[in-house]
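Visitor: Let me give you the structure first, and then I'll get to my questions.
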Amino acid sequence: MYKRGFTLIEMMVSVAIFSIVMVVALGALLSMSVAARKAETLKSVVNNLNFSLDSMTRSIRTGYNYQCGTSGTGAPQDCTGSNGEQYLAFVDSSGMGVAYCYDPTSRQIRRQKAASLSTNCSDAATFLPITSPEVRITDMRFYVIGACRSTSTAGCTSDTMQPKVTIMVHGYVVVTGGARDMTECGTPGNTCSVFNLQTSVTQRIYDQ
C-alpha cells in the first residue's frame, strides 16, 4: 500500500502543536517549582517563629517574679492596661534573670539572660534575637496579672490569682521579594503572609 509522506504544511503544524504543548508544560513546571519554593520558605520561617514562641513561653512558665515593663524597681509588677508592655523580666528556674522584649528597629523579639538585666532592648551586645530576619515583628505586647504579692506596691493590682502572662505578637513573613514594611507587601514581586498570635502562660510554681 502506498503511504503518503508528510507535506511541509503538515510538518509545520505538527511542530507548532508540539511547541505549544512544550511551552505550556514548561510553564506549569516552573509555576510548580516557584510554588514549592514559596511553601518551603514559609514553612521554614513559621517553624522558626513557633520554636521561638514555644521557647519563650516554656521559660516564662517555669519562672517567677514577673516584672512587666521597664519602669519597675526589680520587684514583681503587673501590667493590665489596654496597651500592655513590650518588656518582661523574670527569674528563671535556675535563679538567673531573663528578659524578653520587642526591638522596633530590627523588628525582632530579643532575649537576655544575666544576673543584672538591662532595659535597652536595642543593645545587640546584651539582647540576642530569637526570631529570624525573615520574620518581621510589627508589635509585641505583654500583659501580666497576679505577679504582685502586695497591692500596696506601685503597679500592682489584685493578688488573688496565680500569676499569668498573656503575649500578643503581630507581624508578617516575607515569602518572596524584599518588602521592607507592610505597605510594600502588596506591590509586584513581594508576597507576604500576615500573622496575629496570642498565647497565655500561667506560672507553674504555686504562688504562696
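Visitor: Set the Förster distance to 25 Å, then compute FRET efficiency between residue 162 and residue 51 from the Cβ-Cβ distance, nearest 0.05.
Guide: Working: r = 26 Å, r/R0 = 1.05.
Rounded to the nearest 0.05, the efficiency is 0.40.
Visitor: Same structure again: Name the most mobile residue of 173, 15, 46, meaning the one with the largest mean-square fluctuation, in a Gaussian network model of the chain with Cα contacts below 10 Å.
Guide: Largest GNM mean-square fluctuation: 15.
Visitor: Continuing with this model, one more query. With unit charges on the beta carbon (Lys/Arg positive, Asp/Glu negative), name the residue among 60, 102, 27 whose Cα is farthest towards the positive pole of the charge dipole of the stretch 27-202.
Guide: Going by the charge dipole, the pick is 27.
Visitor: For residue 69, which sequence-distant residues (separation of 5 or more, or a different chain) have an amide H within less than 5 Å of its own amide H, given hydrogens modelled in the peptide plane?
Guide: 87, 88, 89
Visitor: Can you tell me the dipole magnitude for the chain around its Cα centre, using point charges on the Cβ only (Lys, Arg +1; Asp, Glu -1), in Debye to the nearest 20? Can you show the working numbers first?
Guide: Numbers: 17 positive and 14 negative charges, 126 e Å.
Using only the charged Cβ atoms, the result is roughly 600 debye.
Visitor: Based on a Kirkwood Rh over C-alpha pairs, give the Stokes-Einstein translational diffusion coefficient of the chain at 4 °C and viscosity 1.567 mPa s in µm²/s. Walk me through the intermediate numbers first.
Guide: Details: Rh = 20.3 Å.
Rounded to a whole number, D works out at 64 µm²/s.
Visitor: Continuing with this model, one more query. So if R0 is 41 Å, what FRET efficiency would residue 200 and residue 176 give, r being the distance between their Cβ atoms, rounded to the nearest 0.05?
Guide: Working: r = 34 Å, r/R0 = 0.82.
Calculated transfer efficiency: 0.75.
Visitor: Roughly what would the spin-label model give for residue 119 and residue 19, points 7 Å off Cα along C-beta, in nm?
Guide: Between residue 119 and residue 19, the label points sit 7.2 nm apart.
Visitor: Continuing with this model, one more query. Which one of 82, 19, 122 has the biggest mean-square fluctuation once the chain is modelled by GNM with Cα springs under 10 Å?
Guide: Comparing 82, 19, 122 in the GNM, the peak value goes to 19.
The numbers here are math on the coordinates, done by the rules we state, and not lab data. Since the structure is predicted, the reported quantities are computational estimates derived from the model, not experimental observations. Because the Cβ atoms are built from the backbone with ideal geometry, glycine has one as well, and the counts that use them run over all protein chains shown.
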